[in-house]
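Contents: one structure, followed by commentary.
The values are calculated or read from the model by the stated rules, or taken from the named source; none is laboratory data. Treat the numbers as computed from the prediction; the structure is a model and nothing was measured. When we count neighbours, we look across all protein chains shown, and the Cβ atoms used for this are built from the backbone with ideal geometry, even at glycine.
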Amino acid sequence: MNTLKTAFFLTLLTLLLVFIGRLLGGNSGMIIALVFAAIMNLGSYWFSDKIVLKMYRAQRIEEKNNPSLYSTVRHIALQANLPMPQVYIIPTDSPNAFATGRNPQHAAVAVTSGILRILDKDELEGVLSHEMAHIKNRDILIGSVVATIAGAISMLAQMAQFAFIFAGGRGNRDRGGGLATLFLAIVAPIAALLIQMAISRSREYQADDSGARISHKPLFLASALKKLSYASRRVPLNAQPSTAHLFIVNPLSGGGLGNLFSTHPPLEERISRLEQLAKGV
């Protein structure tokens, strides 16, 4: 079911990219966008994890660099019956973490310097088990691919905004002209965000559940989520919106409509589910 859902939403993102090409360049633009989407999907499969890790200046470590973190990841990988992933540290005080890669054999777990400072050993195990669950549930490829395509859509939408501004709202009437460009600039990033939300929210619940069963510590994961939510608002991460869904807690600060369109489910609901799970673990 998850595979079908993933294919469906990836198809939606690709069609959205093609639609943008049609608005910007007519039939020729649509063909170019289709080729671009095909190349991007292929490139995302092989390189999206490297792109995301490089974006956040993540530094790969070995056991000698941080024995405690490395051994914790190895212990959880054994608990989850998974290969040892590559381990990265992101040099920022904002506390957060994510997993990426194309499959369990080519996976990476990245944590920030900030998360290592504020969580105790049990809470860190809870977080890393959540990320290992993303690997086990094969969420990491879809998350990385969506980040790449959503980023491209946002970039094209920004180009459309500039085109509308510098063209003074004038354009080819056969393609809707400036109004079509303005529509694209406003609607395309929202559509991409909605697809990110649809993919991410259910997978976060599932990773919380699976991660708690891997570590047998749902209450420590709940405690970690409380700390991370509070601390990440005080020290926000300079994150790209297209990659926000990868992180264990939303790295983007904001309230109101920002929470409504968050790629993450409500924190209170996640904690409540973990507390209910603890009664049966």
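Output the residue which, of all residues in segment 198-210 that are crowded, with 18+ Cβ neighbours inside 10 Å and hydroxyl-bearing (S, T, Y), is modelled with the lowest pLDDT.
Among those that are crowded, with 18+ Cβ neighbours inside 10 Å and hydroxyl-bearing (S, T, Y), it is S200.
Collect the residues in segment 21-34 that are modelled with pLDDT of 75 or more and either surrounded by 14 or more Cβ atoms within 10 Å (Cβ to Cβ) or closer than 30 Å to D93 by Cα (or both), keeping them in residue-number order.
Those that are modelled with pLDDT of 75 or more and either surrounded by 14 or more Cβ atoms within 10 Å (Cβ to Cβ) or closer than 30 Å to D93 by Cα (or both): G21, R22, G29, M30, I31, I32, A33, L34.
The rows are residues; the columns are (1) at pLDDT below 70; (2) in contact with a His (Cβ under 9 Å, 6 or more places away or on another chain); (3) of a type outside the set (A, V, I, L, M, F, W, C).
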position: R173; (1), (2), (3): yes, no, yes
position: T181; (1), (2), (3): yes, no, yes
position: I190; (1), (2), (3): no, no, no
position: Q196; (1), (2), (3): yes, yes, yes
position: A212; (1), (2), (3): no, yes, no
position: F220; (1), (2), (3): no, no, no
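Hey, A37 hits all of (1) at pLDDT below 80; (2) assigned to a strand (DSSP E or B) but one; which does it fall short on?
(2)
Restricting to segment 42-84, name every residue that is surrounded by fewer than 18 Cβ atoms within 10 Å (Cβ to Cβ) and in contact (Cβ under 8 Å) with a residue 60 or more places away in the chain.
Scanning segment 42-84 gives G43, Y45, I51, M55, Q79.
Name the residues in segment 100-116 that are in contact (Cβ under 8 Å) with a residue 24 or more places away in the chain and either within 20 Å of A231 (Cβ to Cβ) or over 16 Å from the mean Cα position of the chain (by Cα) (or both), would you?
Matches in segment 100-116: P104, H106, V109, A110, V111, T112, S113, G114, I115, L116.
To keep it simple, each residue is scored yes or no on (1) closer than 30 Å to L42 by Cβ; (2) touching a helix residue (DSSP H, G or I) at 6+ places or on another chain (Cβ under 7 Å).
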| position | (1), (2) |
| --- | --- |
| Y70 | no, no |
| R74 | no, no |
| D93 | no, yes |
| A110 | yes, yes |
| D120 | no, no |
